[in-house]
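Enquirer: Input: one structure, supplied below.
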Amino acid sequence: MKTLLKTLMAATFVAGLGMGTASAEIKLGLDTAPYPPFADQDAAGVRSGFEIELGEAICAAMGETCVWTPIAWDGIIPALTSGKIDAIFASMSITAERMETIDFSNKYYSTPAALVAAKTMEIDGTPESLKGKIVGAQVSTIHANYAEKYFKDMASDIKVTYQAFDEHNADLVAGRLDAVVGDSLAFSDFLGTDEGKSFEIKALLTDEEIFGKGVGVGMRKGDEELKAKFNAAIEKVRADGTYDTIAKKYFDFDIFGG
Amino acid sequence: MIWNWFPKYFEQLMGGLVLTLELVFIAIFFGMLLAIPLGLVQVTGPKWLGRIALAFCTVVRGTPLLIQLWLIYYGLGSIFPSIPGIRESMLWPYLRDAFPYAVVAFTFSVAGYSGEVMRGAFAGVPQGELEAARAMGMSPFKVLWRIWLPRALQNVFPTLAGEMVLTLKSTPLAATITIQELFGVGTQIRQDTYRVYEPLLMLGGIYIILTGIIVVVMRYFENRIPRPTAA
């Protein structure tokens, strides 16, 4: 009996060791809500999108196994700092504010932000044109920061509490919002739908201080080894044409940006 | 533990607290007003009305409040734009505001749960007392007002207090439809500061205090209701 117990314990110990080595994969955090054409998921749970393909290409270039780990957007930075995920690969813009808490790789794409409103509305993106209007944006995004900085004084209300991109679009269609600030590319999908066809991009918004240096991979501060790996891999897929092959499938312009 | 964000958000937190309290009390007030007839018709009939009340309570109690809230907010929100002229109407400023939708959803919720409680409460009042009241020549309304309702409430007072506490604790759901109540403000603090524990601990503390107040106030009223003397 005692020998059996000892054998069992030894077996458990060995199995435990084995598990330890097998779990050396990189957990890439992405938003639970779909963000087409960057990240989407069909009914069967199969992920697709520019960011998904690029992420997998980058992981392949690093020679690492990556696992997509969906995290609600508002908890994605805490999930990173608490070690639930190893990197954020979720269209997160590199900003000075976020750099206080986490670190970023070099950018892997950048797109301008846009202000969207009904075609019938006379809005041109200046704060004055939004006088008395209700403006929405997704919570804790650079777009929310932009709305708060430029439109807060003029607009009658700023709603930057939306948890997902499609939620503020639904309220835009419902007429509860007059205008929405968001990513120009993410909007192109919405504007092509039946609900979105009576809306248009009124202005592209620029502010280097808010919109920062494009989108990068978010990592814990001090994770220099991983950061170097990501930067090298981004450079590699850019150089060997993998990046362009993937980008061409989704966009008809240079998504990497200048 | 870092709390230096607290002064910056104090005003917003107070605004959130007011919204939470407004939501809870409006929902409980109108919810209870609905709950009494909902419970009563299930005991007295007419049968078809009782069936409707039963169906209402079953649907409300059988589906998550979050789904009800979203159906009312985003569901109606997608229907309204198809009504011509609605955006020019006098009602539109209210219809585009999120708060009325939350009030409706929470009122229905209170009505559904408390309606079921009230059904049991009305059914639990001894028939003999009601017969005695009728024998005294009281009109049906007087029987209800003087005997049936007070006796029913007396029995379920602690249960109703529990329902109120549960309602208070479901109010964070309102934050998902853009209402910046207490939890919504807490979420914003978490997102602005990237602090997880401090804002959540503070919110937990505030909700405990609010629950304590509800419990104490309800206990006070409970004790003021005269208990029937033991036979």
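Enquirer: Considering B:TYR94, B:TYR113, which residue is within 14 Å of chain A (Cβ to nearest Cβ), part of a helix (DSSP H, G or I) and not acidic (Asp, Glu)?
Expert: Residue meeting the stated conditions: B:TYR94.
Enquirer: Within region A:212-226, is there a residue that is without any contact (Cβ under 8 Å) to a residue 40 or more places away in the chain, more than 30 Å from B:LEU91 (Cα to Cα) and either buried (at least 20 other Cβ atoms within 10 Å of the Cβ) or among the polar types (S, T, N, Q) (or both)?
Expert: No.
Enquirer: Where in region B:33-86 are there helices (runs of 4 or more DSSP H), lying wholly inside it, with at least 3 residues that are over 30 Å from A:ASP194 (Cα atoms)? Let's see the steps before the verdict.
Expert: Values: elements: B:47-62, B:65-70, B:76-79.
Hits in region B:33-86: B:47-62.
Enquirer: What number goes with the only condition from (1) within 12 Å of another protein chain (Cβ to nearest Cβ); (2) in contact with a helix residue (DSSP H, G or I) (Cβ under 7 Å, 6 or more places away or on another chain); (3) more than 30 Å from A:GLU56 (Cα to Cα) that A:LEU205 does not pass?
Expert: Unmet for A:LEU205, out of (1) within 12 Å of another protein chain (Cβ to nearest Cβ); (2) in contact with a helix residue (DSSP H, G or I) (Cβ under 7 Å, 6 or more places away or on another chain); (3) more than 30 Å from A:GLU56 (Cα to Cα): (1).
Enquirer: While we're looking at this one, here's another question. Would you confirm whether any residue within region A:117-126 is touching a residue at least 40 places away in the same chain (Cβ under 8 Å) and touching a Gly at 6+ places or on another chain (Cβ under 8 Å)?
Expert: For region A:117-126, residues touching a residue at least 40 places away in the same chain (Cβ under 8 Å) and touching a Gly at 6+ places or on another chain (Cβ under 8 Å): absent.
Enquirer: Please go through region B:144-176 and give me each residue that is of a type in the set (A, V, I, L, M, F, W, C), surrounded by 15 or more Cβ atoms within 10 Å (Cβ to Cβ) and closer than 18 Å to B:MET218 by Cβ, ordered by number.
Expert: B:LEU149, B:ALA152, B:LEU153, B:VAL156, B:PHE157, B:LEU160, B:ALA161, B:MET164, B:VAL165, B:LEU168
Enquirer: Please state which of the following conditions B:LEU130 fails to meet, knowing it meets all the rest: (1) at pLDDT below 85; (2) farther than 30 Å from A:ARG98 by Cβ; (3) part of a helix (DSSP H, G or I); (4) within 14 Å of another protein chain (Cβ to nearest Cβ).
Expert: The one condition B:LEU130 does not meet is (4).
Enquirer: Looking at region B:201-220, can you tell me whether even one residue there is free of Cβ contacts under 8 Å to residues at least 60 places away in the same chain, hydroxyl-bearing (Ser, Thr, Tyr) and touching a Pro at 6+ places or on another chain (Cβ under 7 Å)?
Expert: Within region B:201-220, none of the residues are free of Cβ contacts under 8 Å to residues at least 60 places away in the same chain, hydroxyl-bearing (Ser, Thr, Tyr) and touching a Pro at 6+ places or on another chain (Cβ under 7 Å).
Enquirer: I'd like the full set of residues that are buried (at least 22 other Cβ atoms within 10 Å of the Cβ) and within 11 Å of chain B (Cβ to nearest Cβ), limited to region A:174-192.
Expert: A:ARG176, A:LEU177
Enquirer: Follow-up. Any idea which residue in region A:150-171 is farthest from A:GLU195 (Cα to Cα), counting only those that are more than 10 Å from chain B (Cβ to nearest Cβ) and modelled with pLDDT of 90 or more?
Expert: Among them, the one singled out is A:TYR150.
Enquirer: When you look at B:ARG96, is it modelled with pLDDT under 85, in contact with a strand residue (DSSP E or B) (Cβ under 8 Å, 6 or more places away or on another chain) and more than 22 Å from B:LEU210 (Cβ to Cβ), yes or no? Don't jump to the end; show me each part of the working.
Expert: Values: modelled with pLDDT under 85: yes; in contact with a strand residue (DSSP E or B) (Cβ under 8 Å, 6 or more places away or on another chain): yes; more than 22 Å from B:LEU210 (Cβ to Cβ): yes.
Answer is yes for this residue.
Enquirer: Of everything in region B:143-175 that's touching a Phe, Trp or Tyr at 6+ places or on another chain (Cβ under 9 Å) and among the aromatic types (Phe, Trp, Tyr), which residue is nearest to the other protein chains (Cβ to nearest Cβ)?
Expert: Checking each candidate, the answer is B:PHE157.
Enquirer: Hey, another quick one. Scan region A:75-93 for residues that are assigned to a helix (DSSP H, G or I) and either in contact (Cβ under 8 Å) with a residue 40 or more places away in the chain or surrounded by fewer than 17 Cβ atoms within 10 Å (Cβ to Cβ) (or both) and report the count.
Expert: 5
Enquirer: Out of (1) out of contact with any Gly (no Cβ under 6 Å at 6 or more places or on another chain); (2) buried (at least 18 other Cβ atoms within 10 Å of the Cβ); (3) within 14 Å of chain A (Cβ to nearest Cβ), what's the single condition that is false for B:LEU200?
Expert: Among (1) out of contact with any Gly (no Cβ under 6 Å at 6 or more places or on another chain); (2) buried (at least 18 other Cβ atoms within 10 Å of the Cβ); (3) within 14 Å of chain A (Cβ to nearest Cβ), B:LEU200 violates only (2).
Enquirer: Further question: Limited to region A:61-87, what total is found for residues that are hydrophobic (A, V, I, L, M, F, W, C) and either within 12 Å of chain B (Cβ to nearest Cβ) or out of contact with any strand residue (DSSP E or B) (no Cβ under 9 Å at 6 or more places or on another chain) (or both)?
Expert: 7
Enquirer: Within region B:176-194, can you find the residues that are in contact with a helix residue (DSSP H, G or I) (Cβ under 7 Å, 6 or more places away or on another chain), hydroxyl-bearing (Ser, Thr, Tyr) and either part of a loop (DSSP other than H, G, I, E, B) or more than 8 Å from every other protein chain (Cβ to nearest Cβ) (or both)?
Expert: B:TYR194
Enquirer: Could you tell me which residue of region B:63-83 is nearest to the other protein chains (Cβ to nearest Cβ), considering only residues that are over 15 Å from B:THR107 (Cα atoms) and not aliphatic (A, V, I, L, M)?
Expert: This residue is B:GLY77.
Enquirer: I'm told B:MET218 meets every condition in (1) over 30 Å from A:PHE165 (Cα atoms); (2) at pLDDT 90 or above; (3) under 17 Å from the mean Cα position of the chain (by Cα) except one. Can you identify the failing condition by its number?
Expert: Going through the list (1) over 30 Å from A:PHE165 (Cα atoms); (2) at pLDDT 90 or above; (3) under 17 Å from the mean Cα position of the chain (by Cα), B:MET218 breaks only (2).
Enquirer: Does any residue in region B:170-183 that is free of Cβ contacts under 8 Å to residues at least 40 places away in the same chain come within less than 8 Å, Cβ to Cβ, of a residue that is not in a loop (DSSP other than H, G, I, E, B) six or more places away or on a different chain, and which pairs are these?
Expert: B:PRO172/B:LEU182; B:PRO172/B:PHE183; B:PRO172/B:GLY184; B:ALA175/A:THR161; B:ALA175/B:PHE183; B:ALA175/B:GLY184; B:ALA175/B:THR187
Enquirer: How about region A:159-258: which helices (runs of 4 or more DSSP H) wholly inside it have at least 2 residues that are over 21 Å from the mean Cα position of the chain (by Cα)?
Expert: Per the criteria, A:165-173, A:224-239.
The values are calculated or read from the model by the stated rules, or taken from the named source; none is laboratory data. Note that the structure is a prediction, hence the values are computed from the model and not measured. Positions of Cβ are backbone-derived with ideal geometry, glycine not excepted, and every protein chain shown enters the neighbour counts.
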